[in-house]
Amino acid sequence: MSTVATVERNTPPVVIGEAATILQIIQQVAMSPNADIDKMERLMVMHRSIQAEQAKQQFDEALAQMQEELPVIGERGGIKDKNGRIQSTYALWEDINEMIKPVLARHGFALSFRTPRSERGIEVEGVLSHRAGHRETTSLVLPADTSGSKNGVQAVASSVSYGKRYTAGALLNFTTTGEDDDGNGAVVTPRVTSVQAAQLAMLLERCSDKAKKAFASIHGAPSAVEKAAFDQVLGMLSKSVKQHESSPQEAQDADHH
């Protein structure tokens, strides 16, 4: 009788207890010369599924704890009209990044961004990863921000910065608040929220070029639309998208009117 056969005969049966893990079972099965490959593959699938569930649970627990420590971030950025008056304010990405990075690190998180090539516009994908192995992603497609006489490179950089602010906010749910830095008590017309601006931007990207130019001449950027006019602008853009996608020629004719 061979040594291998003796070892196999004397090996005690595998007992699945609370202390046993799927990986340990796989290792024990793999040691057998008569190991069932199909069974091992099923065990590996089960092992990966359990790992993913545990990573997701650790991610959720750490995110819940981190929410209590996320700071309120002041809005130092401002969108101005042609006369130099501030139309709306927003938190600068550099301020957001500086304030949230230490909190993310304490709880085992890392925030990164990707800008995949997209024919629809400038796409920014935010990725929130946890040291346990789980990650969540969200993305936003925006047109180039040509407001304020930006050149081509500046327009892309501005849209990417906006995409980072929006996707980071969607993943982390942090709070921003306006500041009156100049102390002159100037009245600021309420503008759409970042979520509403993103809705308008995604619709605008699907409109005809003529409709985009008309929008830019009236409102500038989606984030500059007055809050009171949101529903009206949303309805007009939705109608323009429907016309453009159902009949491009019909949409072009409508633009001329």
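None of the figures in this text is laboratory data; all of them are computed from the coordinates on show. Source: prediction; values computed, not measured. Backbone-built Cβ (ideal geometry, glycine too); neighbour counts: all protein chains shown.
Annotations for the structure displayed:
- Mean Cβ neighbour count within 10 Å, used as a protection proxy, ranking 236-242, 49-55, 59-65, 36-42 highest first: 236-242, 59-65, 49-55, 36-42
- With each label modelled as a point 7 angstrom along the Cα→C-beta vector, the Ala64-Ile50 pair spans 2.3 nm.
- Listed pairs Lys150/Lys227; Lys56/Lys212; Lys164/Lys227; Lys150/Lys239 exceeding 31 Å between Cα atoms: Lys56/Lys212
- The amide H of Val225, built 1.01 Å from its N in the peptide plane, has Val192 as neighbours under 5 Å, considering only residues 5 or more places off or on other chains.
- Sorting the segments 162-168, 229-235, 197-203 by their residues' average number of neighbouring beta-carbon atoms within 10 angstrom, most packed first, yields 162-168, 197-203, 229-235.
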